[in-house]
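Undergrad: Below is a structure I'd like to ask you about.
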Amino acid sequence: MSTSLCEGVSWVGAVDWTIRDFHGYETERGSSYNAYLIEDKQPTLIDVVKAPFTDLLLSNISALIRLDSVRWVVCNHAEPDHASALPDVMAALPNAALVCTEKCRRTLDAYYDMGNWNLHIIKPGDTLNIGARTLAFIQTPMAHWPESMFTYSPQDKVLFSMDAFGQHYAASERFDDETDLCQMLQEAKTYYANILLPYGEPVVRAMTSALKCDIDMIAPSHGLIWRSHIHKLLEAYKAWAAGIVNPRALIVYDSMWGSTARMAQAVYEGVVDGGAQAQLHHVRQSGLTRIAAEALDAASIAVGSPTLNGGPMPMAAAALTYLQGLKPPCKAALAFGSYGWMKGGAEAAQAMFESLNWHVVREPIRAQYRPSEQILTECREAGRILAEKAIEASTN
């Protein structure tokens, strides 16, 4: 089943309703693999799909035009969720040539046997005339792979933006004005935080290049297409890329026998008493994907863990490692946790904060076995400091 974006341009991709894990990204709303067909003198396919959905893609194309009439297949990105259908697609489109950059060709060559493919390698500034349209290619390295690229159709004012501006979001609708906008923006935020956050500068460069185009529609490779709320999307991306934060503290913890949980609750109470917003997440209940999304625009972060075998609890360690890799911009930070005969849980959080050059508000708060009232008082006071820092950061 296809969907028309505008005259001569159709969505021909696939919706993946059942996927819940995307190499560790928790996709609770599923996803989609978007491909687009431009019907012109030289019909052109913009991107393909994940391999299990190849037959659906070919069926969607053949419902519109003959497969042997397709002249070009543009590969904006070589990651397998967008390119693993290429071997079967190129075999099914006997008269098509693959359009990609040299970096993309090298990456695809590492995955697939390209010996029988016709290739059209493009360089920076190249365009491709396909009839009434001349496609432009905007190379966007590290947004989020080295070979990433946008394709732009000036005649349609459509930007095919690959992973940028996407969401892992399965829906029967295709456009932003056909669904819950708040929900869609939340999925866009989650996507940015978990996929694009470490590449803030390349994303800004890509967005700057895109904004030079006259755009009526942004067609990403995951999720829904933007046509009515592009300004809200771009405002959000600018804020995320600039590290703009809200007056909010994120408190993430794990607990073994309830001691660290009591400390986390006390930190939370201190934040609220201090006049800031607060979120309290048990890492084994919330999961890494949501925690990363909330960390994106939280001004302060507290991480707590008991000590287990000389280090943090396993999922607390996973959260620390995950956040360390995503590199959120500077936060006010607090480490805390309980221990028995050996320390190490809170110290691991402190080490992560230091590696990211976050502003540590005080030394770790530690409670041996159970937190005393004095320790809980310290937690509340630290929470008030986190609130103060959060309010200060959000108004700068």
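Undergrad: Among the residues of the range 240-249, are any within 22 Å of PRO312 (Cα to Cα), touching a helix residue (DSSP H, G or I) at 6+ places or on another chain (Cβ under 8 Å) and in contact (Cβ under 8 Å) with a residue 12 or more places away in the chain?
TA: Yes, that holds for at least one residue.
Residue by residue, here is whether (1) in contact with a Pro (Cβ under 8 Å, 6 or more places away or on another chain); (2) hydroxyl-bearing (Ser, Thr, Tyr); (3) under 26 Å from TYR169 (Cβ atoms) holds:
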| position | (1), (2), (3) |
| --- | --- |
| SER4 | no, yes, yes |
| ILE19 | no, no, yes |
| PHE22 | no, no, yes |
| GLU28 | no, no, yes |
| GLN42 | no, no, no |
| ARG66 | no, no, no |
| TRP72 | yes, no, no |
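Each row is one residue, and each column tells you yes or no for (1) in contact with a Leu (Cβ under 6 Å, 6 or more places away or on another chain); (2) within 23 Å of GLY166 (Cβ to Cβ).
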residue: PRO52; (1), (2): no, yes
residue: ALA63; (1), (2): no, no
residue: LEU67; (1), (2): yes, no
residue: ASN76; (1), (2): no, yes
residue: PRO80; (1), (2): no, yes
residue: VAL99; (1), (2): no, yes
residue: ALA132; (1), (2): no, no
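Undergrad: For the range 209-256, how many residues meet the condition of being out of contact with any strand residue (DSSP E or B) (no Cβ under 8 Å at 6 or more places or on another chain), aromatic (Phe, Trp, Tyr) and either within 21 Å of SER286 (Cα to Cα) or assigned to a loop (DSSP other than H, G, I, E, B) (or both)?
TA: Matching residues across the range 209-256 total 0.
Undergrad: Which of the residues that make up the range 321-344 are within 21 Å of the chain's Cα centre (by Cα) and either more than 22 Å from PRO198 (Cβ to Cβ) or surrounded by fewer than 23 Cβ atoms within 10 Å (Cβ to Cβ) (or both)?
TA: Within the range 321-344, THR321, TYR322, GLN324, GLY325, LEU326, LYS327, PRO328, PRO329, CYS330 qualify.
Undergrad: Could you tell me which residue of the range 365-381 is surrounded by the most Cβ atoms within 10 Å (Cβ to Cβ), considering only residues that are part of a loop (DSSP other than H, G, I, E, B) and at negative phi?
TA: PRO371
Undergrad: Would you be able to say whether some residue in the range 198-205 is farther than 17 Å from SER161 by Cβ, in contact with a helix residue (DSSP H, G or I) (Cβ under 6 Å, 6 or more places away or on another chain) and part of a helix (DSSP H, G or I)?
TA: Looking through the range 198-205, at least one residue is farther than 17 Å from SER161 by Cβ, in contact with a helix residue (DSSP H, G or I) (Cβ under 6 Å, 6 or more places away or on another chain) and part of a helix (DSSP H, G or I).
Undergrad: Can you pull out the residues in the range 270-300 that are part of a helix (DSSP H, G or I) and of a type in the set (D, E, K, R)?
TA: ASP273, ARG284, ARG290, GLU294
Undergrad: Does the range 346-364 include one or more residues that are over 24 Å from ILE385 (Cβ atoms), surrounded by fewer than 21 Cβ atoms within 10 Å (Cβ to Cβ) and of a type in the set (A, V, I, L, M)?
TA: There is no residue in the range 346-364 that is over 24 Å from ILE385 (Cβ atoms), surrounded by fewer than 21 Cβ atoms within 10 Å (Cβ to Cβ) and of a type in the set (A, V, I, L, M).
For every residue, the table says whether it meets (1) of a type in the set (Asp, Glu); (2) part of a strand (DSSP E or B); (3) touching a helix residue (DSSP H, G or I) at 6+ places or on another chain (Cβ under 9 Å).
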| site | (1), (2), (3) |
| --- | --- |
| GLU28 | yes, no, yes |
| LYS41 | no, no, no |
| VAL48 | no, no, yes |
| ALA78 | no, no, yes |
| PRO87 | no, no, yes |
| MET90 | no, no, no |
| VAL99 | no, yes, no |
| LYS103 | no, no, no |
| THR107 | no, no, yes |
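Undergrad: Now a separate question. Please specify each residue of the range 165-197 satisfying the condition of being over 9 Å from the mean Cα position of the chain (by Cα), more than 14 Å from THR3 (Cβ to Cβ) and assigned to a helix (DSSP H, G or I).
TA: Within the range 165-197, LEU181, CYS182, GLN183, MET184, LEU185, GLN186 meet the criteria.
Undergrad: Going through LEU67, LEU98, LEU93, LEU56 one at a time, which residue ends up being farther than 30 Å from LEU288 by Cβ, touching a Gly at 6+ places or on another chain (Cβ under 9 Å), modelled with pLDDT of 95 or more and not polar (S, T, N, Q)?
TA: LEU56
The values are calculated or read from the model by the stated rules, or taken from the named source; none is laboratory data. Here the structure is a predicted model, which means the values were calculated and not measured. Cβ coordinates were reconstructed from backbone atoms using ideal geometry, including for glycine residues, and neighbour counts include every protein chain displayed.
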